[in-house]
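This report refers to the structure that appears directly beneath it.
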Amino acid sequence: MAQAQTVALITGGNKGIGLETARQLAAKGITVIIGARDKAKGDAAAAELRKAGADAHSVVLDVTDAATHAPAARFVEQQWGRLDVLVNNAGISRGRSHAGGDGDGAPSTVSQQALREIFDTNFFGLIAVTQAFLPLVRKSPAGRIVNLSSILGSMSAHQDPSSPIYGYLMTAYNASKAAVNMFTVQLAHELRETPIKVNAVHPGWVKTDMGGPEAPMDLTDGAKTSVAMATLSADGPTGGYFHMGQTLGW
Ligand SMILES: NC(=O)c1ccc[n+]([C@@H]2O[C@H](COP(=O)([O-])OP(=O)(O)OC[C@H]3O[C@@H](n4cnc5c(N)ncnc54)[C@H](OP(=O)(O)O)[C@@H]3O)[C@@H](O)[C@H]2O)c1
């Protein structure tokens, strides 16, 4: 990207893949804004990055709380006048037996509560945040929108007996990521005549609070696909689904 300063907002940027994505973007000289639902956690994450030399800021942004969206967008507009990169990273999952019987799981048993809560964050929240910030991304000469999906959102992988995720029945989470994939394709189409590129990423199975300690991928690699899609050049793809440079089947 040719402009002097590039500004990126990462939702759920206070820990896990989001924080590492912010760290790697900042190492490229990009100004990063940590979106966090908990102000103290966002401030701490930004301070940690600043200590390492980053131009890092934080803003309160709960993807499920629309009341935080406009103030966060106003903050970005007042400080920078535009947004170059939006990384829609915030996401949740639920175990099969979550307290209160609100677990995720097989289609025959998944709870309504898990479906609603997971869709609220992973899908409805992602769309609401994108809509709130899109006017600022349109002001960028090279806007990039990165949607954190998962291989678990791939319908072709779920139908392929040779896939490692074949038979992994977590209907609420998986469907929420498949829905993110559809939103990605539709938004990329709507914006196809603009410089904005919109892509979905599978970060890998990554050691985080969500991924768990047995995940094979460390955070450094786990943020690489998001960083690559956030820093695509003008001839890069839009409307795609990627993992570590590979195109995934929907
Ligand atoms: N880890 C994996 O193996 C893996 C694999 C495929 C896809 N992904 C996707 O990658 C993304 C990041 O996952 P992760 O592993 O880094 O998870 P994580 O360590 O659990 O971090 C999730 C982040 O999202 C934030 N978040 C949750 N709900 C939010 C809300 N309503 N508003 C704002 N922020 C919210 C969390 O904030 P708090 O600290 O306040 O909870 C946290 O910062 C997710 O979209 C996930 O689905 C992860």
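Taking 7 Å steps out from each Cα toward its Cβ at Ala27 and Gln113 produces label points 4.1 nm apart. In this model, which of Lys28/Lys139; Lys28/Lys51; Lys15/Lys139; Lys15/Lys177; Lys39/Lys197 are farther than 24 Å apart at the alpha-carbon? Over 24 Å Cα-Cα: Lys15/Lys139; Lys39/Lys197. The GluC sites (Glu not before Pro) of region 149-250 meeting both criteria, a DSSP state outside H, G, I, E and B (loop) and at most 10 other C-beta atoms within 10 angstrom of the site's C-beta, are Glu193, Glu214. Taking a label point 7 Å from the Cα of Ala234 along the Cα→Cβ vector, which residues of region 1-41 have an amide N closer than 12 Å to it? Backbone N within reach: 1-3.
If you take all other residues with their beta carbon under 9 Å from the beta carbon of Gly125, and give Lys and Arg +1 and Asp and Glu -1, the sum is -3. Computed over neighbours whose Cβ is under 11 Å from that of Thr220, the net charge equals 0, Lys and Arg +1, Asp and Glu -1. Considering only Ser226, Ser154, Ala8, the residue lying farthest towards the positive end of the dipole of region 7-247 is Ala8, judged by Cα position with unit charges set on Cβ.
Within region 66-115, the trypsin sites (Lys or Arg not before Pro) that combine a DSSP coil assignment with at most 15 other C-beta atoms in a 10 angstrom radius are Arg96.
Site pair Lys39 and Arg74 shows an inter-label distance of 1.4 nm when each label is modelled 7 Å from Cα along Cα→Cβ.
A Gaussian network model of the chain, with springs between Cα atoms under 10 Å, assigns the largest mean-square fluctuation among Asp160, Asp84, Asp62 to Asp160. Between Pro203, Pro164, Pro71, the Gaussian network model of the chain with springs among Cα atoms under 10 angstrom shows the greatest mean-square fluctuation at Pro164.
Computed from the C-beta positions of Ser156 and Asp65, the FRET efficiency with R₀ = 45 Å rounds to 0.85.
Taken about its Cα centre, the chain carries a charge dipole of about 400 debye when Lys and Arg each add +1 at the Cβ and Asp and Glu each add -1 at the Cβ. Listing His158, His69 from fewest to most neighbouring C-beta atoms within 10 Å gives His158, His69. Across region 195-202, rounded Karplus estimates of 3J(HN,Hα) from the backbone phi angles (6.51 cos²θ - 1.76 cosθ + 1.60, θ = phi - 60°) give x, 6, 10, 10, 9, 9, 10, 9 Hz, Gly and Pro being marked x. Residues whose amide H comes within less than 5 Å of that of Phe242, counting only those at least five positions distant or on another chain, are Ala200, Val201, His202, Leu248 (H built at 1.01 Å from N in the peptide plane). Taking every DSSP helix (H) stretch of at least 4 residues in the chain, weighting each as -39,500 (n - 2.57) and dividing the sum by the residue count yields a mean residue ellipticity at 222 nm of -11000 deg cm²/dmol.
Here the Karplus curve 6.51 cos²θ - 1.76 cosθ + 1.60, taken at θ = phi - 60°, turns the phi angles of region 41-58 into couplings of 5, x, 4, 5, 5, 5, 5, 4, 5, 4, 4, 8, x, 7, 8, 10, 9, 9 Hz, with x standing for Gly and Pro.
All of the numbers you see were taken from the coordinates with simple rules; none came from a lab. The structure presented is a predicted model; accordingly, all values stated were derived computationally and were not measured. Here the Cβ is made from the backbone with ideal geometry for all residues, glycine too, and neighbour counts use every protein chain on show.
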